[in-house]
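To start, the structure under review is shown below, and the notes come after it.
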Amino acid sequence: MHNKTGYKSLGSLLALTLLSGAILSAPKANADTSATVDLTINVPAACSLTPANTYLTNTINPGTNKEIGTANLKAVCNDPEGFAIYAVGLTGDNYGDNNLRMIDGDALSQTHFIPTGTATSGNTSNWNMTIANSTEYAANYTANIENHFDSPSDIPNTYTKIASLGSATDQATGTNLTATFNAYIAPSQVAGTYEGKVKFMLVHPSTEAPDTTPLGLAYASRNKTKVNGYYSMQDMSSDICSALSIGDEGSLIDTRDNTVYPIAKLADGKCWITKNLRLDLSKANITAENTNNPTQDFLAKLAINSAPTNNGSWNSDVDSIKYSNQDIDDTTVDSFGDSYDDYGVYYNWYTATAGNGTSETLSNENASGDICPKGWHLPTGGNYYSSILGDYSRLAIALGVPESENGSAQRVDTTSSPSLSEMKAIFMGEPMNYVGAGMYYDGMLRHWNFTEYWTSTAQYSYSVYTYHFMHIDAGAMWFGDSQNFGYKYTGHAMRCLAD
């Protein structure tokens, strides 16, 4: 962006004129100017659901219908379109199991259980739930009780709306609900201790439905909240990734610039961003709290000048912020069918590592931070000519790329197994979405048919181990830890994986 300075005349030029011995003054100048300051304040949606009495226990004799207990739920949400509360039965980590199951040692019995239901007599035990606006707490905002939960109702086996409010609440009183649980124990019920759970989830606005994908459930079960309709990358944690199965996918938002990225748990058992990073430093809010360990030197330089460098050589100053966002909004389609805007942003290594990787970072040292979101980091690099594998090579091998004699991932061609077409489908399609982004080199962007991805591992004081992908030549595809183009001053794409 180029800043232009304009100048405006403030009126006539004052003058003194001497004529026939008389002093004449010029007319008084009138300066009719004004200035306007435009102010914008963004107030984000802040919503929470806070339970009380979260552990309910009681003893109920056979042939008796009795209250197990009551839990209080306080909902506050400043979304002008309100919120909705959903509930689902949960036994252990098994969503949708709406039975109370007997504790059998360290496990829950699959044989002895109490199903959900509303009967108050008979030969089958059951348990149920009733939702009401609280009379114990002064609530300024009365919710609508949904789906007949204002009377005893079955515990749902899928997320079901139990209450909603179509307007915002303040952050002090909010909406207060009670969830009352009852059980009828039949005379024939086997004696024991039975356990079950009900999971409550607040979503906003009131028309929103819960995210029941594995990723969404992993976030929700850890009481994470959404930003602009997505869970945030900055809230990712090792236990969330561990809760996912290989192949699980989803989308997360980077709160620094509100860019949404696809993520997936891949064959190496790690969670990856599966598109190139497109963080435009001139438009992002980068802090130590939302970014992976940026240095103070990097943040200070960023505060002085965060503009991209889309032309000119980057060679002379390795330890400066250099990046190119030239392709970020370019929808030109390359020869492989990929759009230029999928290439992401090209960073020099100092910028990619948020100031942790400099000309003083020596052989096989890893940068201790980067511009990945908090909770994510640059993959490590490896040496193609040794048995040291980087994160990219481990992933490629896990996805089926054959190993070379030294253990690194290598060339795939028409004679390979898996076949070249199978590898193209995996790496150039879902879930990897690799593109031939080329690189920023010698003063310009070069759209070559390969990508060198940055890693965190230095090769020498002047170079870094990169990961080389997709040089398609005579029906072949190349993979491998590279030592050819990783000069610290060059511009490369980058990806991130979860801590």
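The values are calculated or read from the model by the stated rules, or taken from the named source; none is laboratory data. Owing to the predicted nature of the structure, the values given are computational and were not obtained by experimental measurement. Positions of Cβ are backbone-derived with ideal geometry, glycine not excepted, and every protein chain shown enters the neighbour counts.
Examine the range 187-205 for a residue that is aliphatic (A, V, I, L, M), over 30 Å from ASP150 (Cβ atoms) and not assigned by TED's automatic domain parsing to the domain that holds GLY82, and state whether such a residue exists.
no
Evaluate the following for LEU378: is it within 18 Å of ALA458 (Cα to Cα) and loosely packed, with under 15 Cβ neighbours inside 10 Å?
Spelling it out, it is not the case that LEU378 is within 18 Å of ALA458 (Cα to Cα) and loosely packed, with under 15 Cβ neighbours inside 10 Å.
Whether any residue in the range 115-132 is farther than 26 Å from SER188 by Cβ and either surrounded by 17 or more Cβ atoms within 10 Å (Cβ to Cβ) or in the same structural domain as ASN176 (by TED's automatic domain parsing) (or both) is what I want to check.
yes
Identify all residues within the range 430-465 that are closer than 24 Å to ASN366 by Cα and of a type in the set (Val, Ile, Thr); write none if there are none.
THR451, THR455, THR457, VAL464
Among the residues of the range 285-295, are any acidic (Asp, Glu), in a loop (DSSP other than H, G, I, E, B), touching a Phe, Trp or Tyr at 6+ places or on another chain (Cβ under 8 Å) and surrounded by fewer than 19 Cβ atoms within 10 Å (Cβ to Cβ)?
Within the range 285-295, not a single residue is acidic (Asp, Glu), in a loop (DSSP other than H, G, I, E, B), touching a Phe, Trp or Tyr at 6+ places or on another chain (Cβ under 8 Å) and surrounded by fewer than 19 Cβ atoms within 10 Å (Cβ to Cβ).
Residues being within 24 Å of LEU90 (Cβ to Cβ) and touching a residue at least 60 places away in the same chain (Cβ under 8 Å): count how many of those fall in the range 127-145.
4
Looking at the range 169-193, which of its residues are outside any loop (DSSP other than H, G, I, E, B), closer than 15 Å to GLY82 by Cβ and of a type in the set (Ser, Thr, Tyr)?
Selection gives THR175 alone.
If I filter the range 409-419 down to residues being surrounded by 15 or more Cβ atoms within 10 Å (Cβ to Cβ) and small (Gly, Ala, Ser), which single residue comes out as modelled with the highest pLDDT?
Filtering first and then ranking leaves SER416.
In the range 131-168, what residues are touching an Asp or Glu at 6+ places or on another chain (Cβ under 9 Å) and in a loop (DSSP other than H, G, I, E, B)?
Scanning the range 131-168 gives ASN140, TYR141, ASN157, GLY166, SER167, ALA168.
I need the full set of residues from the range 129-177 which are hydroxyl-bearing (Ser, Thr, Tyr) and more than 28 Å from the chain's Cα centre (by Cα), in order please.
THR130, SER134, THR135, TYR137, TYR141, THR142, SER151, SER153, THR173, THR175
Looking at (1) within 15 Å of ALA84 (Cβ to Cβ); (2) surrounded by 17 or more Cβ atoms within 10 Å (Cβ to Cβ), find the lone condition where GLY196 falls short.
Every condition holds for GLY196 apart from (1).
Name the single residue, out of those in the range 448-475 being at pLDDT 80 or above and more than 18 Å from SER393 (Cα to Cα), that is surrounded by the most Cβ atoms within 10 Å (Cβ to Cβ).
The selected residue is SER463.
Taking ALA220 and the conditions (1) without any contact (Cβ under 8 Å) to a residue 24 or more places away in the chain; (2) over 23 Å from ASN53 (Cα atoms); (3) surrounded by 18 or more Cβ atoms within 10 Å (Cβ to Cβ); (4) among the small types (Gly, Ala, Ser), which numbered condition does it fall short on, given that it satisfies the others?
The failed condition is (2).
Which of the strands (runs of 3 or more DSSP E) contained wholly in the range 1-119 include at least 1 residues that are closer than 30 Å to ALA220 by Cα and either at pLDDT 95 or above or more than 32 Å from the chain's Cα centre (by Cα) (or both)?
Ranges flagged: 64-77, 83-91, 100-104, 107-114.
Might you let me know whether the range 254-264 holds any residue that is over 14 Å from the mean Cα position of the chain (by Cα) and at pLDDT 95 or above?
no
Okay, residues lined up against (1) surrounded by fewer than 14 Cβ atoms within 10 Å (Cβ to Cβ); (2) outside any loop (DSSP other than H, G, I, E, B); (3) modelled with pLDDT of 75 or more:
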| position | (1), (2), (3) |
| --- | --- |
| ILE388 | no, no, yes |
| GLY407 | no, no, no |
| SER421 | yes, yes, yes |
| ALA425 | yes, yes, yes |
| VAL435 | no, no, yes |
| LEU445 | no, yes, yes |
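Can you work out which of the residues in the range 217-242 that are farther than 18 Å from ILE273 by Cβ and over 12 Å from the mean Cα position of the chain (by Cα) is modelled with the highest pLDDT?
ASP239
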